[in-house]
Amino acid sequence: MVPPADPNETAYAELAWFVSSMGMVGGAFGSGLEDDGTVRNAAYGERQRWQKLREEKKVREEQEGET
């Protein structure tokens, strides 16, 4: 893709589409390489992580109580 000498709206739209597509492909590839804990640490703040851990612990305790 060679940029035109005089860029116009179409050229900027094509560039935006290309960059966003590459970002999406790179993100999809990168997310496949990460484990769940790493993604959780990047996506959630400290408070949300503690809340999620408490919820998971509660579910485990309920499941153990059923068996």
Could you tell me how many degrees, from 0 to 90 and to the nearest 10, lie between the Cα long axis of helix 9-33 and the main elongation axis, the longest principal axis, of the Cα atoms of the chain?
-> 30 degrees
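Compute, for the chain, the length of the dipole vector about the Cα centre, with Cβ point charges of +1 (Lys, Arg) and -1 (Asp, Glu) only. Units Debye, rounded to 20.
Details: 8 positive and 13 negative charges, 62 e Å.
Once rounded to the nearest 20, the dipole reads 300 debye.
Per DSSP helix of 4 or more residues, -39500 (n - 2.57); summed, then divided by the residues of the chain. What does that give at 222 nm, rounded to the nearest 500? Display every interim value, and only then the final one.
Details: 3 runs with 54 residues, N = 67.
Calculated mean residue ellipticity at 222 nm is -27500 deg cm²/dmol.
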So what is the accessible area of the chain per residue, in Å², with the probe set to 1.4 Å?
-> 92 Å²
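For the chain, give the percent of accessible area contributed by carbon and sulfur heavy atoms, probe 1.4 Å, rounded to a whole number.
On the way: 3630 of 6180 Å².
With neighbouring chains kept in place, the figure for the chain is 59 percent.
The values are calculated or read from the model by the stated rules, or taken from the named source; none is laboratory data. Predicted model only: the values in this text are computed from it and were never measured. Counting neighbours? That spans all protein chains shown, and the Cβs are built from the backbone with ideal geometry, glycine included. Accessible surface is based on the protein model in full, side chains and every heavy atom, while ligands, DNA and RNA are left aside. Shrake-Rupley method; radii C 1.70, N 1.55, O 1.52, S 1.80 Å.
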